[in-house]
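Rule-based calculations on the coordinates, nothing more; no lab input. The structure presented is a predicted model; accordingly, all values stated were derived computationally and were not measured. With ideal geometry, Cβ positions are generated from the backbone for all residues, glycine too; neighbour counts draw on all protein chains shown.
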């Protein structure tokens, strides 16, 4: 399939399918878990998980996010800014920044744990990601979100092209530092299956215009058990396809996560 | 849109993902059973002779196209990931030497086909396309999607046999793993093997070429087991009435070798003096005796013992001369007398020197 077909199909799907529901949704009223949608976390609510980024509702329209654990070696922060609704669509922009140099230098080492050869020095690098999110609620139990974003990388020196980490999930996310900019788009579906069981499906596409290894695709299927608005846990898998320096390869990776939420401020 | 609420939809997705999973490659290829080797063909094949009286057979550990670059794993170097230019330059040296010697069959060790350390160059295909050899068989020794150590990353290194005549059968026979490693290290470590191929040599119906690269750094009896299994494979061919040429980097010195201990000069500055991996052969005096006794060596043992230095094929000493003989060729037929050469002049190409010899085709 041509690379652009995924995106085209997603956009068409979102726009053509008729709207069936308007107004506030049970999915949202339950205490929406903001990840993957244009809805911000409710003001004063803190969500955090093992792998998912922590999110805190600064106001009704602003959400602060960060990946907590990687912060030690990869300082990162993001802001989701809800711009309200346009017709049936809720839309927001997300702006994030991350500094991976300490983490990459940590794994550029001899012996076990050396993901990058110690012969390479990683220069100071910074990436800025800006993304637009458009969410549409189809019925009380289905949210669909279209994402489109651009990442721009800045560096203080040349990064040796042999220093890539040719692993699924990692390679597409770090490729921007070898290419200056990348485009990322995707489509999320999330909703309830029955009772406390929810699903989250996401398609993500990465494009690096001009690069030899310029495309990656990730499909996530996640089954969640939501005990209440303050706790959910789930498992699933991520199917990835990417162009690597050695060629292309598919991977299927099991994923799991547990998330908690606290209402810090009323 | 109801379909997204339906659990059947999720089940279907899960099933599809499971099916795709079955097509996924394992993280580490473990090669527990005997299996077919991977076959290659040159982009343009050259018609081989339809009858021959002698063949030139060559054996070479080409060090994955690293030439004499001080790679961290086998010398006191600090290099890990070579540039494409470095690898191609070294491969050109290797191909030039092969084209100069003009072997009909070549047994190779340490050939990379998809390794990050050697710029992901498919060295099998490259060598076939840049020599007069037409057909190749490849058996991975180290096939890992990602080695999380020293920045090695993806690795696919193996044994290979290249021939001017078609390869009609190619089998990878697994050898036992090192017994002196912990489970985690062993999981990501090399899976040694014997590569046995049947070659469609004119007028010789049962002709085989066999190569092996035995354990280099084991401190237990793993290397002896590899040598014994290699000999057992040759014995089976011999008993079946087949002809063979066989060899490889056996990682031990010949019986009667004057020097069997190299740990002092081979010690790297930051290495533990008690770490005697791959340099102490003092307990291996008899390990190759069976091969020498039962088969013809390209370099007869008397010749070797009379002038050992002339036949040395290996050195990890980048500034010095060849240090010891580790590479061998054997047959159950006859080599043409005095036709052997140990190409010590090829010192820029690898840490091993190639050995070549003429083989008498049974009439």
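Using the count of nearby Cβ atoms within 10 Å as a rough guide to exposure, how do A:124, A:160 rank from fewest to most? Could the numbers behind the result be given before it?
Details: A:124 13, A:160 17.
In increasing order of surrounding Cβ atoms, one gets A:124, A:160.
With a ≥ b ≥ c taken as the square roots of the eigenvalues of the C-alpha gyration tensor of the range B:23-122, please select rounded if a/c is under 1.5 and otherwise prolate if a/b is larger than b/c or oblate if it is not?
It is oblate, given that a/c is not under 1.5 and a/b is not larger than b/c.
Annotation: the antiparallel percentage among DSSP beta bridges lying fully within the protein assembly as shown is about 90. For the range A:169-229 versus the range A:134-165, the inter-centroid distance based on Cα atoms is 8 Å.
Based on DSSP, what percent of beta bridges with both residues in the range B:27-350 are antiparallel, to the nearest 5? Walk me through the numbers on the way to the answer.
Numbers: 44 of 57 bridges.
Here the antiparallel bridges make up roughly 75 percent for the range B:27-350.
Which ordering of B:335, A:81, B:359 is given by a fewest-first count of other beta-carbon atoms within 10 Å?
Working: B:335 22, A:81 17, B:359 25.
Final ranking by Cβ density, sparse to dense: A:81, B:335, B:359.
Counting only C-alpha contacts under 8 Å and six or more residues apart, can you give the relative contact order of the range B:32-127 as a whole percent? Show your work: numbers first, answer last.
Details: 106 pairs, mean separation 33.3, N = 96.
Computed value for the range B:32-127: 35 percent relative contact order.
When you restrict to C-alpha pairs under 8 Å that are six or more residues apart and normalise by the size of the range B:27-350, the relative contact order lands at 18 percent. With R₀ set to 22 Å, the beta-carbon distance separating residue B:36 from residue B:186 gives a calculated FRET efficiency near 0.35. Which shape class, rounded, prolate or oblate, goes with the range B:210-251 when its Cα gyration tensor gives a ≥ b ≥ c as root eigenvalues, a/c under 1.5 marks rounded, and past that a/b bigger than b/c marks prolate? Here the range B:210-251 falls in the oblate category.
Based on other C-beta atoms within 10 Å, arrange B:212, A:41 from fewest to most. Walk me through the numbers before you get to the answer.
Working: B:212 30, A:41 25.
Going from least to most buried by this count: A:41, B:212.
Spatially, the range A:38-116 and the range B:161-184 are offset by 47 Å when compared through their Cα centroids.
Give me the inter-chain shielding for A:243-253: mean count of other chain Cβ atoms within 10 Å, whole number please.
Values: counts 0, 4, 5, 11, 2, 0, 4, 5, 6, 8, 2.
Going residue by residue through A:243-253 and averaging, the value is 4.
Just checking the output field for B:143-154: average partner chain Cβ neighbours within 10 Å of each residue's Cβ? Write down the numbers at each step before the final one.
Details: counts 0, 0, 6, 6, 3, 8, 7, 11, 14, 3, 12, 6.
Rounded to a whole number, the mean comes out at 6.
For the peptide A:160-169, the mean number of other protein chain Cβ atoms found within 10 angstrom of a residue's Cβ is 4. Which shape class applies to the range B:27-350: rounded if a/c is under 1.5, otherwise prolate when a/b exceeds b/c and oblate if not, where a ≥ b ≥ c are the square roots of the Cα gyration tensor eigenvalues? Judged from the Cα gyration tensor, the range B:27-350 comes out rounded (a/c under 1.5). Computed per residue of chain B from DSSP H runs no shorter than four, each worth -39500 (n - 2.57), the mean residue ellipticity at 222 nm is -6500 deg cm²/dmol. Note on residue B:53 and residue B:293: their simple-model spin labels are 3.6 nm apart, each label 7 Å out from Cα toward Cβ.
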